[in-house]
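Before any comments, here is the structure.
Bear in mind these aren't lab numbers, they're just calculated from the coordinates by the rules spelled out. Bear in mind the structure is a predicted one, so any value in this text is a computation, not a measurement. Counting neighbours? That spans all protein chains shown, and the Cβs are built from the backbone with ideal geometry, glycine included.
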Amino acid sequence: MSKILIQNARIFDGTGRPPFTGDLLVEGERIAAVRPAAEAPLAQAEVDRVIDAAGRFLMPGMVEGHAHLSFDGFTCTEDLISPPVEEHAFLTARVAEKLLMAGFTSAYGASEAKLRLAVAVRNEVEAGRLVGPRIRAGSLEISVTGAMGDESRLHNPRNNQTLTIATSPGISVDGPEEMRKVVRICCREGCDNIKLDNSGDPFYPNTPATSTPMSYEEVEMAVRTAHAFGRKVNTHSRSAQSIKDAVRAGVDMIYHAEYADEEALDLLEEARDRIFVAPTIGLFHTMLHQGEPWLPRAVVEAMGIPELIERSVETHTALRKRGIRHLIGGDYGFKWAEQGTQALDLELFVRYYGYSPAEALVCATRNGGLAMREQGDLGTLEAGKLADLLLVDGDPLSDIRVLQDQARIILVMKGGRIFKDLLAERR
Ligand SMILES: [Zn+2]
């Protein structure tokens with residue numbers, strides 16, 4: 001078993017404890033010991049490699065909480081369906097590698113553009129034939145007739161017109177029996193995470209964000225079926241009713257949640273020890289501030305994105321205060337929000353939701369690790385946990401933006417294996 005000793009690091013362990021200087025020993029794929037410098041140092045004997053961190057920041061690897069591994073450099077929803085499957089598989093593999101190099105050692109999958117893209121890449125990564133994060137593979141988006149993912153009419157943000165597309169990247173069901181069948185197909189094909197669109201969305205004129213086109217019975221059936229296969233269910237829930245349906249039906253993760261009312265907030269708080277929430281603030285923030293030249297600002301405003309950001313700030317600030325386990329990430333893979341830039345979310349969590357940098361890091365690490373694995377052995381730097389970690393040049397606690405600079409993420413380890421090592425390159 002290989003042994004790697006990291007010495008003299010400023011250790012942020014993700015448990016909520018303040019950072020401390022110390023050493024960390026990795027044996028095989030797990031952390032064997034973490035020790036503050038005040039105690040006896042960990043012995044160097046029989047270690048394969050000693051890394052002198054020279055006081056740098058050592059933290060758990062980050063988790064992208066709403067990954068679309070099959071999206072990259074897209075400028076509109078049409079791009080989701082246009083690549084042929086062969087090219088799309090390579091694109092997905094490249095995204096997986098990009099995420100790992102950016103410090104994301106795990107990707108919790110939302111939906112993918114084709115059913116088995118994330119499944120195939122996950123399998124190759126697990127077999128060691130591709131480089132990428134740990135992956136919980138997302139399914140297709142499951143919607144209902146006439147709603148998001150089915151509707152052929154889209155809001156085209158480039159010109160503020162309605163755009164008609166031939167096919168959509170989702171799959172539509174009507175009624176619990178059709179839902180059962182489709183969820184079982186996704187499970188059969190190897191998806192870890194089942195994604196439902198139970199609310200509308202600003203991109204779909206027929207079903208705006210405040211609408212709830214999918215019924216409670218359909219959501220409940222999806223949860224029952226997926227859980228019977230040991231898989232998770234995640235919902236795109238913007239409207240208040242869609243959030244309540246999702247919590248009551250027992251979904252595992254709720255995305256967006258901007259239009260939560262008081263009752264929805266109460267339900268989420270009651271469920272906070274079993275449910276996770278990913279606000280996915282990056283998409284709307286980048287559409288508004290980094291959308292040019294692909295998205296004219298006037299059009300983004302006409303789509304109501306500033307109001308959605310306001311609602312997001314209100315809801316997720318309230319949920320932070322209620323102790324909800326938030327995850328960072330979501331809906332990266334567009335020209336204005338490139339894959340690998342997800343650490344922007346940390347800054348947005350601080351700026352919009354009032355998190356301290358340390359709390360935002362816990363969202364990115366511990367919360368993400370718990371969502372990835374029920375075993376509870378991922379997301380913190382403690383003895384016995386999986387050795388997914390980053391060595392960072394700079395102090396994210398005094399400037400959270402340092403994690404957006406990939407040149408400062410100088411070492412990436414996943415499962416005890418080093419995948420990025422700028423220290424060795426610089427030697
Ligand atoms: Zn998404």
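Given the rule -39500 (n - 2.57) for each run of at least 4 DSSP H residues, summed and divided by the residues of the chain, what is its mean residue ellipticity at 222 nm, to the nearest 500 deg cm²/dmol?
That calculation yields -9000 deg cm²/dmol at 222 nm.
Restricting the calculation to Cα positions, tell me the Rg (one decimal) and the Dmax (whole number) of segment 292-427 in Å.
Gyration radius and largest Cα-Cα distance of segment 292-427: 17.0, 52 Å.
So between Ala54 and Thr75, what do we pick up on full extension, going 0.36 nm a residue minus the alpha carbon distance?
Full extension from Ala54 to Thr75 adds 3.3 nm.
Of Lys98/Lys335; Lys3/Lys98; Lys232/Lys414; Lys114/Lys420; Lys3/Lys420; Lys232/Lys335, which pairs sit farther than 20 Å apart, going by alpha carbon to alpha carbon?
Over 20 Å apart, Cα to Cα: Lys3/Lys98; Lys232/Lys414; Lys114/Lys420; Lys232/Lys335.
At a Förster distance of 30 Å, what's the computed FRET efficiency of Arg224 paired with Glu263, Cβ-Cβ distance as r, to 0.05?
0.80
Can you say what percent of the DSSP beta bridges in the chain, counting only those with both residues inside, are antiparallel? Round to 5.
Among the beta bridges of the chain, antiparallel pairing accounts for roughly 50 percent.
Could you give the nm distance between label points at Arg274 and His289, where each point is 7 Å from its Cα heading toward the beta carbon?
Calculated label separation equals 3.7 nm.
Would you mind telling me the antiparallel percentage of the DSSP bridges in segment 8-160, rounded to 5?
50
What angle, in degrees between 0 and 90 and rounded to the nearest 10, separates the Cα long axis of helix 176-188 from the longest principal axis of the Cα atoms of the chain?
30
In straight Cα distance, which aspartates and glutamates are under 12 Å from Lys195, not counting same-chain residues fewer than 8 positions off?
Glu112, Glu141, Asp252
For the pair Ala424/Thr21, report the inter-label distance in nm, with labels modelled 7 Å from Cα in the Cβ direction.
Placing both labels 7 Å along Cα→Cβ, they lie 2.7 nm apart.
When the convex hull of the Cα atoms of segment 254-312 is projected onto a plane and the area is averaged over all directions, what value comes out in nm²?
If you wrap the Cα atoms of segment 254-312 in a convex hull and average its projections, you get 4.3 nm².
Tell me, which cysteines of the chain are without a disulfide-compatible partner by the Cβ under 4.7 Å rule?
Among the cysteines of the chain, those whose Cβ sits 4.7 Å or more from every other are Cys76, Cys187, Cys363.
With everything on Cα atoms, drop me the angle between helix 344-353 and the longest principal axis of the chain, reported from 0 to 90° to the nearest 10.
Once rounded, one gets 70 degrees.
What's the angle, to the nearest 10 degrees (0 to 90), between helix 240-249's Cα axis and the longest principal axis of the chain?
Orientation of helix 240-249: about 60 degrees from the principal axis.
I'd like the Kirkwood hydrodynamic radius of the chain, using the inverse of the mean 1/r over distinct C-alpha pairs, in Å.
21.6
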